[in-house]
Amino acid sequence: MQVDSLAENLFFTTVRIDTLTHSGASGSGTGFLYAHRIDEERHALFVVTNKHVVSGGQCGSLTFHQKKDDRPHLGHGFRVDIQDWPQAWFGHTSTDIDIAVLPFIPLEAHIKQTSNVELFYRCVDSSMLPNQDQLLQFDAIESVTFIGYPNGIWDKTNLLPVARRGTTASPIAVDFEGSPRFVIDASVFGGSSGSPVFVFNQGMFTDKRGNTSVGSRLLFVGVVAAVFFRTELNQIVAVPVPTQSQPMAQQREMIDLGIVFKARTVVETVEAFIRARGI
C-alpha cells in the first residue's frame, strides 16, 4: 500500500491499546502518535490516549505496523507488552482533564534493539494544531473526522483502524461548560477513547465568513474521551467512553454525542512531562 494522501496517512497515526485488569477483564482503546516540536531541529514523540483507558490496568500492550521497503507491511504488526503499565503513563496535571502520554522514542529504540523490527507510523504533528486565526475561522458547525477502534473493531487482516465522521455540536472555539472540551455529533462507542479528532476538508473548504479556499485542510483539534447517555430516569449524563464490554446494571441509551478534549490539553500534558522528567 502506498501512503501518499492525507487520508491514507491518518490511518497510520493510531495505535491499538489492549489492557488487562487484576481481575482478568480485558479492555481496548485507541492511542495515537504525537510529535511535539521542541525547537527547529528536535521533536519529542509520544503515544497519547485518555487516562481512563490506561488506569486500572495491571498490564497493557500497544500494537504497531511493521515497515517493509519504506511502506507499511499490511497484516504484519508488532505488539509490545508493557508490564509496568500504570507507571509508564504520565497524566495531565489536572484530575479533570482525561489525557495521558507515554514517551515513544525509548519504546521504539527498545523494539528495534531487542526484536530488530522497524515500525511504520505517521505522527500528528504540533504544526497541525490550529493557530488563533484558524480557530477564529472555524464555524460553529464543522465536519470532523476521528480514527480509532470502536468496540475493538478493526481490519484484523490488515490491522487498520476505522475512520468515522460527524460534526461539531458545540463551537470548537468555545470551552464547553468552562472546560477545554467541545461536543461532537457522532456515534462514539467503547474503544474510541483516545481517538484523535481532525477538521479534515478535501478539495475546498469555506470559513464562517463564506470565504472559500481551494485545497485541503487538516487540523488536529482534540481527543475523544466521553459520551453522553440518557438513563432510565431520563437524565442526561456524560461518562468516559467504556473500554470494556460488560452488562449494564442501569439501562442507558446513547444519544450520539461525544465529548472531545481540545488539542491544547495534549500540548499541556507533554509540556508538563518535559518539565517533570526532561526530554
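Here, each number is a calculation from the coordinates, and none is a lab measurement. As the structure is a computational prediction, the values presented were derived from the model and not from experiment. Every residue, glycine as well, gets a Cβ built from its backbone with ideal geometry; the counts of neighbours run over all protein chains shown.
Please state, as a whole number in µm²/s, the translational diffusion coefficient that the Stokes-Einstein equation yields for segment 1-153 at 10 °C and 1.306 mPa s, with Rh defined as the Kirkwood radius across alpha carbon pairs. Walk me through the numbers on the way to the answer.
Values: Rh = 17.0 Å.
The diffusion coefficient I find is 94 µm²/s.
Using per-residue counts of other Cβ atoms within 10 Å, averaged over each peptide, order 38-44, 130-136 from highest down. Can you show the working numbers first?
Numbers: 38-44: 10.7, 130-136: 12.6.
The most tightly packed comes first, giving 130-136, 38-44.
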- Given 4 °C and 1.567 mPa s, how large is the Stokes-Einstein diffusion coefficient of segment 38-91 in µm²/s, with Rh as the Kirkwood radius over Cα pairs? 95 µm²/s
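Could you rank the peptides 169-179, 56-66 by their average count of other C-beta atoms within 10 Å per residue, with the highest value first?
Working: 169-179: 15.8, 56-66: 19.9.
Peptide ranking by packing, descending: 56-66, 169-179.
Which translational diffusion coefficient, to the nearest whole µm²/s, is obtained for segment 86-228 from the Stokes-Einstein equation, given a Kirkwood hydrodynamic radius over C-alpha pairs, 20 °C and 1.002 mPa s? Working shown, then result.
Details: Rh = 17.3 Å.
The estimated diffusion coefficient comes to 124 µm²/s.
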- Task: Averaging over all projection directions, find the projected area of the Cα convex hull of segment 1-57 and quote it in nm² with one decimal place.
- Result: 5.8 nm²
- What FRET efficiency would be calculated for the residue pair HIS76, ALA140, taking the C-beta separation as r and a Förster radius of 51 Å, to the nearest 0.05? 0.70
- If each K or R counts +1 and each D or E counts -1, the residues other than SER143 whose Cβ falls under 11 Å of its Cβ total -1
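Using only the Cα atoms of segment 152-221, construct the convex hull and provide its projected area averaged over every direction, in square nanometres to one decimal. Spell out each step's value before the answer.
Working: hull surface 25.1 nm².
The number I arrive at for segment 152-221 is 6.3 nm².
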- Which of the following values of Rg and Dmax of the Cα atoms in Å was calculated from the structure shown: (i) 18.3, 57; (ii) 17.5, 53; (iii) 19.3, 58? (i)
- If you put +1 on each Lys and Arg Cβ and -1 on each Asp and Glu Cβ, how big is the dipole of segment 1-117 around its Cα centre, in Debye rounded to 20? 280 debye
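Can you pick out the pairs among LYS51/LYS156; LYS67/LYS156; LYS208/LYS262; LYS112/LYS156; LYS112/LYS262 whose Cα atoms lie more than 28 Å from each other?
Working: LYS51/LYS156 26 Å; LYS67/LYS156 17 Å; LYS208/LYS262 20 Å; LYS112/LYS156 24 Å; LYS112/LYS262 33 Å.
Checking Cα-Cα distances, LYS112/LYS262 exceed 28 Å.
Per-residue ellipticity at 222 nm for the chain, helices alone: DSSP H runs ≥ 4 residues times -39500 (n - 2.57), over residue total, nearest 500 deg cm²/dmol?
It comes out at -4000 deg cm²/dmol, rounded to the nearest 500.
So for segment 47-136, what percent of the C-alpha to C-alpha distances run longer than 21 Å? Please report the intermediate quantities before stating the final value.
Details: 1819 of 4005 pairs.
Everything past 21 Å amounts to 45 percent.
May I ask you to order 25-34, 120-129, 99-108, 84-93 by the average number of other C-beta atoms within 10 Å around their residues, highest value first? Mind dumping the intermediate values first?
On the way: 25-34: 24.5, 120-129: 17.7, 99-108: 19.8, 84-93: 15.8.
Highest mean packing first, the order is 25-34, 99-108, 120-129, 84-93.
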- Note on the structure: Full extension between LEU218 and GLN132 adds, at 0.36 nm per residue less the Cα distance, a length in nm of 29.4 nm
